[in-house]
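Let me begin by presenting the structure, written as structure tokens, before commenting on it.
The values are calculated or read from the model by the stated rules, or taken from the named source; none is laboratory data. Being a predicted model, the structure only gives us computed values, none of them experimental. Every residue, glycine among them, receives a Cβ derived from its backbone with ideal geometry; neighbour counts consider all protein chains shown.
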Amino acid sequence: MSARVAVLVFPGTNSEEETVRACRAVGLEADAVHWNADLDEVRRFDAYVLPGGFAYEDRVRAGAIAAHDRLMTAVREGAAEGKLVLGICNGAQVLLEAGLAPALGGDSSIQAGFAKNAPLGKFRSTHVHVKLAIPPERCAITAHLAPNAVIPGWASHGEGRLAAHDDVLARIEREGHLAFVYCDASGETTTEAIPNGSALGAAGLVNAAGNVLAIMPHPERDAWTFNHHDDSRERARGNANAMLAPSGGIALFESLAKALR
Amino acid sequence: MPMRNSTRLGRRRTGPLPKASFPGIGLSDDEIRLITERLGREPTLVEAHAFDAQWSEHCSYKSSRAHLARLPTDGPDVILGPGQDAGIVRLGEWKGETYGIVIAHESHNHPSQVVPFEGAATGIGGIVRDVLCMGARVIALADPLRFGPLDDPHSRYVAQGVVDGIAAYGNAIGVPTIAGDVYFHDGFRDNCLVNVVALGIVKESEIIHSCAPAGSDGWDIVLIGKATDRSGFGGAAFSSLVLDEKDAEANKSAVQVPDPFLKNVIMRASYRAFDVIRELGLTVGFKDLGAGGIMGCTAELAASGGFGARIALDRCLTSQPDLPAAVIAVGETQERLAWVVPPSFTPRLLQIYNEEFSLPQIARHAQAAVIGTITAEKEYVLTHHGAEVMHVPIDFLTAGVRYDRDYKRRRPRYRIDEDLIIDEVLIADDEPERAADKFSWRRQAEVLTRLTFDRDLALKVLSHPDVASRRTIYERFDSVVRGATSIPSGYADAGVVVPIPGSPFAVAIGLGGNPRYSRLDACYAAEQAVCEALRNVVAVGARPAALTDCLNFGNPEDARQMGDFVAAVDGLRFAASQFGLPFVSGNVSFYNQSASGESIPGSPIVACVGVIDDVSHTVTPAFHRSGNKLYYIAGLSSNALGGSVFADVFGLENGPLQPIAYGDVRREPNFVRSGITAGAILSCHDVSDGGVFATVAEMAFATRNGLRIGAELSSFDLEGVSDKVLITEYFNEGGGFVIEASDVFDEWSAQLEHYRGAWELGTTTQAYELTVRRGERPSLRWTVDELYEAWSDPLRTFYEGVPA
């Protein structure tokens, strides 16, 4: 039996459909679970994915209200038990606000946040690449990626700039919490590749235990060949099956699925 | 819009006016007399507001209807033409089901000028509901925008607010914005244009109509969404007025307040309701609340099914107690829709919205509630605190009135030339012979004589605000949410989504509507809008399937403005019929005029929806390889520069207009599409603002993040070639496509050699440069980087200079 993944939907979430689709494409049994769902039902899932959107209208700060939603009880308990938790974009913001990431030293206070993009301070939607910046096995969700794997995706957010005190940033780097950094298509980490001014060029953070991953860009929006604008699209020219095949950003979901096997 | 028998108001009616006065009501004396006559009594206050909204230009199309009837609306792929909230065109069959693309096109010009952020946001909100209520999933948005020049601080403020408003709403509800266009023009200083197009996907068997179904006598009318408040009171009537700076504050209350957060949940709850309705096999009615609020929506739902309705205003939840009956009846509070459902289904419907998706917890007082019933008696009745506050014959209310406005057409600068429709080709040299055009050609010659084609001239065209990169704007919009986007904003001439998971079907949307043409000739502008929108979808490999139009004009009571409107309808009709394309949906926005009488350039804005059977046959403008041949696919052009970016940069006013050679223009799309499908066209870009030069430069820019490929243009590399010829060839905006052809010889390449409208333009190069060869004189050369700078710089500062 394949693992069951709950894709959590808060009021204002908007990416549940493509997130469920990406999970299913890699053989996971995934369902969108709404905010009114029975908590015991939610507890029965094997893993949780928090998708993108504007949960609770991003009131106060992005993710701040959703971090206290009922559903998060199940996520906190699950994370403590070692269940895998993946937060994408707004989901990543929720995980930081919930103290589930980066969780330096296993501490679940809010240690870092995703602040307004620099320099405009506005929502920006742009294609990006991220590079795995930890040894793959450091995080269960990335364990089946190649070292230094480069994954394409879309940064589509207004608040994605990692911000924290200098000592926290230093610890994020030193203690192996900096899971993904922005890079160009060839894997070079350049300033131009950072779409939002994020500290450390951070695109994703992992918790101390390695079972919770918060990533700002959306791999699920660049998860099919027809989403791409690189050589893979060219190779699929005139071949509908190849064009409709999962590729690119799907790699993160494949690694998640392998970890859940 | 329902088009039932309406009363024609021509001759002035006589008779006493009602004694009661209705402050703030825009109905004319004649209209009030007509209402009084028909009701046999003076209208109540609620009735006066209801007729004011329902008979407003915005709702009733009273000045435009007669003319709009001339547009072609039918075709083999049309599932639903204009008349309901959105049109539907066939996409194709997948797994035994026929799928349709739902298309709606609206304007939100007046609100956006007065309160840019909220005005634009509610524009998105409204168009999304129009698509949603057809039973469809909303899959994409596109936004044609027109602003005053950015060096005018107020125009800049409006532009920034509009862009942010669209972003805030569209991003939050999770519908990708995949296309758009922006023009800056003096004529939009006092009236910006915010048009919005929304697309949806629906199975033909699951379409829900915006009317009370047959046999629905006694069924429930269920209102869902936000609690009714004071916002948007008089919105329809306000959109039918000339904006006056003095009334700015008062007008603000006519603008609605957006709540994308609530809409996000309403959409998802409605999708759930669609699923349940399908499972139960019910036929129901569903309609968006827009102009005229509860009254406008429920009256049209009932009337279009041949019924009447009875509504208890007390049952409509309000945000505050003691809201006047007229405000509840016609206020345009956002985020509301109404269902007509059998009473046996009502509890389940309420449960979906109120419990499963917990609307009352999402927004204060939001909910689904039964507010009335459909009646066999064709009367529209509103009660408040047990008393009837409105009781009128429903058809009289919804049919509205019709005006045969006087119109005076300007002397056409450009005439539809039947000769050009057959394959006749007009040679440039003949053009100056046409007496009417003599002056314009002389002006063009004078301007060209003063100029030399140098490096700077090209940089000036590329950095014109209508050519420059729109990245700062389109990056504000999420163009990839839903994960189904194949070509996002900024990647090609049209946006493309793959709407059915697992199926290779794709949908393209392209736009057209150039205000520089509008100033010269409204009919020509309309024709070019159709051609341009169509070329945009063809350039990615799509088959044009349907058109929509939004006609933005000045005051229809001004015969010259009305003349422009009539001319534009002629142009739309003519061009669309040339391509055999129907208009399946549309909108008219009049009174885009300032109090000082300054009207916008009458703007027919067209969207074209294209169907792609197999998404693996799509291309973008990005160059592929060096050493490939570039071709210009176009009919012979007269090299007229009137209305071009070049004309604007170099002060060519009233220049000659390029005739549209329909014989060629009609052949090109099929030829280009067949090349794309055959794999022989590697990249393709439609020629528009900035001419062939800008088109080729943009193809080089598109490769920026990966390969670095330039181009050498040698098509006019002739002995003794003059700058005058080079300039007209590279900067005229006569349409057509630039393509990069594969070097692999195949059947299509053979066709290309013999195709009459294919001109070899040059080759792609390894050098990241753009070179123009010009006979014995030294070539002109630019690095692509310097061109890119000139092109990307102007709008980079879009967000600077925000006035306090």
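Tabulated results
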{"read-out": "Scan of the range A:216-231 for residues that are at the interface with chain B (Cβ under 8 Å from one of its Cβ atoms) and either buried (at least 22 other Cβ atoms within 10 Å of the Cβ) or of a type outside the set (Asp, Glu) (or both), ordered by number", "value": "A:HIS218, A:GLU220, A:ARG221, A:ASP222, A:ALA223, A:TRP224, A:PHE226, A:ASN227, A:HIS229"}
{"read-out": "Evaluation of B:VAL480 against (1) closer than 21 Å to B:ALA622 by Cα; (2) in contact (Cβ under 8 Å) with a residue 60 or more places away in the chain; (3) out of contact with any strand residue (DSSP E or B) (no Cβ under 8 Å at 6 or more places or on another chain) (one fails), failing number", "value": "(3)"}
{"read-out": "B:PHE716 more than 14 Å from chain A (Cβ to nearest Cβ) and assigned to a helix (DSSP H, G or I)", "value": "no"}
{"read-out": "Test: residue in the range B:143-160 that is buried (at least 22 other Cβ atoms within 10 Å of the Cβ) and out of contact with any strand residue (DSSP E or B) (no Cβ under 9 Å at 6 or more places or on another chain)", "value": "yes"}
{"read-out": "The range A:184-200, residues that are surrounded by 21 or more Cβ atoms within 10 Å (Cβ to Cβ) and small (Gly, Ala, Ser)", "value": "A:SER198"}
{"read-out": "Failed criterion for A:GLY187 (all others in (1) in a loop (DSSP other than H, G, I, E, B); (2) within 13 Å of another protein chain (Cβ to nearest Cβ) hold)", "value": "(2)"}
{"read-out": "Exclusive hit being of a type in the set (Asp, Glu), over 30 Å from B:ASP564 (Cβ atoms), part of a helix (DSSP H, G or I) and in contact (Cβ under 8 Å) with a residue 60 or more places away in the chain, set B:GLU47, B:GLU31, B:GLU37", "value": "B:GLU47"}
{"read-out": "Long-range neighbours under 6 Å by Cβ, at least six apart or interchain, first residue closer than 20 Å to A:ALA3 by Cα within the range A:232-256, second of a type in the set (S, T, N, Q)", "value": "A:SER255/A:THR142"}
{"read-out": "Residue among B:ASP143, B:ASP164 that is acidic (Asp, Glu), more than 17 Å from A:PHE123 (Cα to Cα) and either more than 14 Å from chain A (Cβ to nearest Cβ) or in contact with a helix residue (DSSP H, G or I) (Cβ under 7 Å, 6 or more places away or on another chain) (or both)", "value": "B:ASP143"}
{"read-out": "Some residue of the range A:82-89 being buried (at least 23 other Cβ atoms within 10 Å of the Cβ) and within 12 Å of chain B (Cβ to nearest Cβ)", "value": "yes"}
{"read-out": "Residue list for the range A:119-174, restricted to those being within 14 Å of chain B (Cβ to nearest Cβ), of a type in the set (Gly, Ala, Ser) and buried (at least 17 other Cβ atoms within 10 Å of the Cβ)", "value": "A:SER125, A:GLY153, A:ALA155, A:SER156, A:GLY158, A:GLY160"}
{"read-out": "Hits in the range B:727-765 (condition: assigned to a helix (DSSP H, G or I), more than 19 Å from B:ALA539 (Cα to Cα) and aromatic (Phe, Trp, Tyr))", "value": "B:TYR730, B:PHE731"}
{"read-out": "Sole exception among (1) of a type in the set (Lys, Arg); (2) touching a residue at least 24 places away in the same chain (Cβ under 8 Å); (3) out of contact with any strand residue (DSSP E or B) (no Cβ under 8 Å at 6 or more places or on another chain) for A:LYS131, by number", "value": "(3)"}
{"read-out": "Qualifying residue in the range A:13-26 (condition: surrounded by fewer than 23 Cβ atoms within 10 Å (Cβ to Cβ), away from every other protein chain (no Cβ under 12 Å) and at pLDDT 95 or above)", "value": "yes"}
{"read-out": "Output for the range A:232-253, where each listed residue is more than 8 Å from every other protein chain (Cβ to nearest Cβ), surrounded by fewer than 17 Cβ atoms within 10 Å (Cβ to Cβ) and among the charged types (D, E, K, R)", "value": "A:ARG235"}
{"read-out": "Residue in the range B:681-691 that is free of Cβ contacts under 8 Å to residues at least 60 places away in the same chain and in a strand (DSSP E or B) present", "value": "no"}
{"read-out": "Qualifying positions in the range A:129-176 - more than 28 Å from A:TRP224 (Cα to Cα) and either assigned to a helix (DSSP H, G or I) or aromatic (Phe, Trp, Tyr) (or both)", "value": "A:ASP166, A:ASP167, A:VAL168, A:LEU169, A:ALA170, A:ARG171, A:ILE172, A:GLU173, A:ARG174"}
{"read-out": "Subset of the range B:361-399 [outside any strand (DSSP E or B) and either aromatic (Phe, Trp, Tyr) or over 34 Å from the mean Cα position of the chain (by Cα) (or both)]", "value": "B:GLN361, B:ALA376, B:GLU377, B:LYS378, B:HIS385, B:GLY386, B:PHE396"}
{"read-out": "Test: B:LEU359 is more than 14 Å from every other protein chain (Cβ to nearest Cβ) and in contact with a Phe, Trp or Tyr (Cβ under 7 Å, 6 or more places away or on another chain)", "value": "no"}
{"read-out": "Cross-chain or 6+ apart pairs with Cβ under 9 Å, the range A:38-66 first and facing chain B (nearest Cβ under 9 Å) and more than 18 Å from A:LYS116 (Cβ to Cβ), then surrounded by fewer than 24 Cβ atoms within 10 Å (Cβ to Cβ) and at pLDDT 95 or above", "value": "none"}
{"read-out": "Hits in the range A:1-10 - residues which are at pLDDT 95 or above and buried (at least 17 other Cβ atoms within 10 Å of the Cβ)", "value": "A:VAL5, A:ALA6, A:VAL7, A:LEU8, A:VAL9, A:PHE10"}
{"read-out": "Some residue of the range A:33-47 being in a loop (DSSP other than H, G, I, E, B) and among the aromatic types (Phe, Trp, Tyr)", "value": "yes"}
{"read-out": "Members of the range B:193-232 that are among the hydrophobic types (A, V, I, L, M, F, W, C), in a loop (DSSP other than H, G, I, E, B) and crowded, with 24+ Cβ neighbours inside 10 Å", "value": "B:ILE208, B:ALA212, B:TRP219"}
{"read-out": "Any hit, the range B:726-744, residues being without any contact (Cβ under 8 Å) to a residue 12 or more places away in the chain and either surrounded by fewer than 19 Cβ atoms within 10 Å (Cβ to Cβ) or in contact with a Gly (Cβ under 9 Å, 6 or more places away or on another chain) (or both)", "value": "no"}
{"read-out": "Positions within the range B:167-192 being assigned to a loop (DSSP other than H, G, I, E, B), buried (at least 24 other Cβ atoms within 10 Å of the Cβ) and either within 14 Å of another protein chain (Cβ to nearest Cβ) or not hydrophobic (A, V, I, L, M, F, W, C) (or both), in sequence order", "value": "B:GLY174, B:VAL175, B:PRO176, B:ASN191"}
{"read-out": "Residue satisfying condition, being touching a helix residue (DSSP H, G or I) at 6+ places or on another chain (Cβ under 6 Å), more than 14 Å from every other protein chain (Cβ to nearest Cβ) and charged (D, E, K, R), within set B:ASP456, B:ASP478, B:ASP493", "value": "B:ASP493"}
{"read-out": "Unmet requirement for A:TYR56, which otherwise passes all of (1) of a type in the set (Phe, Trp, Tyr); (2) at positive phi; (3) within 13 Å of the chain's Cα centre (by Cα)", "value": "(3)"}
